[in-house]
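Data first, discussion second: the structure below is written as structure tokens.
What follows draws every value from the coordinates through simple rules; no lab data is involved. Just so you know, these numbers come straight off a predicted model, no measurement behind them. A quick note on method: Cβ atoms are made from the backbone with ideal geometry, for glycine too, and the neighbour counts reach across all protein chains shown.
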Amino acid sequence: MSDPDGIADAGFDDWLDALAEGEAYFLECADGHGSLPPRRVCPTCGETSLEERPLPETGTLETVTITHVPTPSFEDDAPFALAVADFGPVRLTGQVVGMDLEDVEPGLTVRPDVGVSETTGERLLVFRSQ
């Protein structure tokens, strides 16, 4: 669970569990629009029939921000790289971990993983270089 008090974030914690088990997925409507849980309606067309599809194993960083002065919720994690990565049908936002910040740049191929915030101890989406 993301919350150290044991309170689940409906849909998102289930998604993190699936990612940790190597079974990450996204939701797709009949028109092929992708989204992530806990969606119940396609944000693009309003379709309510969504099916789970396997998330591609790798994605490409589209944009990166290096945070040196974080909010208190990420105080002990700083400095860190926050990135948006394209995984085909969906884009994910997460921290880039396991590499020098100077080497994090758009175009880098990454794989999604589950990490833990040093500040809060909560699970979060991270990207690791391929």
Would you please give the residues with an amide H less than 5 Å from that of residue 36, counting only those at least 5 places away or on a separate chain, with H modeled from the backbone geometry?
27
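Kindly state, to the nearest 0.05, the FRET efficiency for residue 71 paired with residue 30, given R0 = 41 Å and r defined as their beta-carbon distance. Write down the numbers at each step before the final one.
Values: r = 39 Å, r/R0 = 0.95.
It comes out at approximately 0.55.
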FRET E, pair residue 10, residue 102, Förster distance 30 Å, beta-carbon r, rounded to 0.05
0.20
Rounded to 5, the percent of DSSP beta bridges in the chain classed as antiparallel
90 percent
Size of the dipole of the chain about the Cα centre, Lys and Arg at +1 and Asp and Glu at -1 on the beta carbon, nothing else charged, in debye to 20?
340 debye
Semi-axes in Å, largest first, for the chain (Cα gyration tensor, √(5λ)) are 25, 19, 12
Could you give each residue of region 94-107 its phi-based ³J(HN,Hα) in whole Hz, using Karplus coefficients 6.51, -1.76, 1.60 with θ = phi - 60°, and x for Gly or Pro?
x, 7, 8, 10, x, 8, 5, 4, 5, 8, 7, 8, x, x
Compute the length gained on full extension between residue 63 and residue 47: take 0.36 nm times their separation in residues and subtract their Cα-Cα distance, giving the result in nm to one decimal.
2.8 nm
Everything considered on the Cα gyration tensor (a ≥ b ≥ c; rounded for a/c under 1.5, else prolate if a/b is larger than b/c, else oblate), region 82-130 must be described as oblate
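So what's the back-of-envelope 222 nm ellipticity for the chain, counting only DSSP H runs of four-plus at -39500 (n - 2.57) apiece and dividing by all residues, rounded to 500?
On the way: 1 runs with 9 residues, N = 130.
Taken over the chain, the calculation gives -2000 deg cm²/dmol.
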